[in-house]
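I have placed the structure first, in the form of structure tokens, so that the comments after it can refer back to it.
The values are calculated or read from the model by the stated rules, or taken from the named source; none is laboratory data. Quick caveat: nothing in here was measured; it's all calculated off a predicted structure. All Cβ positions, even for glycine, are placed from backbone atoms using ideal geometry, and neighbour counts span all protein chains on display. Heads up: the accessible areas ignore ligands, DNA and RNA and are worked out on the full protein's heavy atoms, side chains in. Shrake-Rupley method; radii C 1.70, N 1.55, O 1.52, S 1.80 Å.
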Amino acid sequence: QVQVVESGGGLVQAGGSLRLSCAASGRIFSINVMGWYRQAPGKQRELVAVVTSGGGTNYADSAKGRFTISRDNAKKTVYLQMNSLKPEDTAVYYCNVDLRNALGYGLQYWGQGTQVTVSS
């Protein structure tokens, strides 16, 4: 009953920008934390950025100063604005949402992933 759909990935030159979007839909009571993770071939999936329901954010050191995570609660959407992209940012980016039901029970959902490729 819940769908998490990502978009915005693509090919960009080093120094360029991309804006990723992730929209949650379906049977949703509320959304707690929303975040972005990424995984490159041969590497573990790593956290890029998260944003809490209160608007607090946390970034990986590699993303600080370049990436900005934000959310639109009315649209149930989280964004990741990526500037000054580097080749090492190349990865599949996954959206993660922590949903809460009326009892406060949390369930995490993952998006399908969107490819970001940064050329040098």
**OP:** Could you grab me the full set of residues in the range 72-120 that are under 18 Å from Val12 (Cα atoms), among the small types (Gly, Ala, Ser) and in a strand (DSSP E or B)?
**Re:** Ala91, Ser119
Original post:
In the set Tyr79, Tyr59, Tyr105, which member is touching a Ser or Thr at 6+ places or on another chain (Cβ under 7 Å) and not basic (Lys, Arg)?
Top reply: Tyr79
Subject >> Candidate set from the range 32-52 (those that are over 16 Å from Met82 (Cα atoms) and crowded, with 19+ Cβ neighbours inside 10 Å); member that is nearest to the chain's Cα centre (by Cα) >> reply: Met34
Original post:
Which ones in the range 79-97 are without any contact (Cβ under 8 Å) to a residue 60 or more places away in the chain and hydroxyl-bearing (Ser, Thr, Tyr)?
Top reply: Thr90
Original post:
Mind checking which pairs have a first residue in the range 18-30 that is in a strand (DSSP E or B) and at pLDDT 95 or above and a second that is open to solvent by 40 Å² or more (accessible area, probe 1.4 Å) and not polar (S, T, N, Q), Cβ under 6 Å, 6 or more apart or different chains?
Top reply: Ala23/Val5; Ala24/Lys76
Original post:
Do you know which residues across the range 14-31 are surrounded by fewer than 20 Cβ atoms within 10 Å (Cβ to Cβ) and closer than 16 Å to Phe67 by Cα?
Top reply: Ala14, Gly15, Gly16, Ser17, Arg19, Ser21
Original post:
Quick check: anything in the range 53-71 closer than 16 Å to Gln112 by Cα and either open to solvent by 60 Å² or more (accessible area, probe 1.4 Å) or in contact with a Phe, Trp or Tyr (Cβ under 9 Å, 6 or more places away or on another chain) (or both)?
Top reply: no
Original post:
If you go through the range 20-58, how many residues are on the phi > 0 side of the Ramachandran plot and aromatic (Phe, Trp, Tyr)?
Top reply: 0
Subject >> Test result for Asp61, more than 13 Å from Glu6 (Cα to Cα) and assigned to a strand (DSSP E or B) >> reply: no
Subject >> Total residues in the range 100-115, condition buried (at least 21 other Cβ atoms within 10 Å of the Cβ) and modelled with pLDDT under 95 >> reply: 0
**OP:** Return the total of residues in the range 76-97 being surrounded by fewer than 18 Cβ atoms within 10 Å (Cβ to Cβ) and within 20 Å of Ser7 (Cβ to Cβ).
**Re:** 2
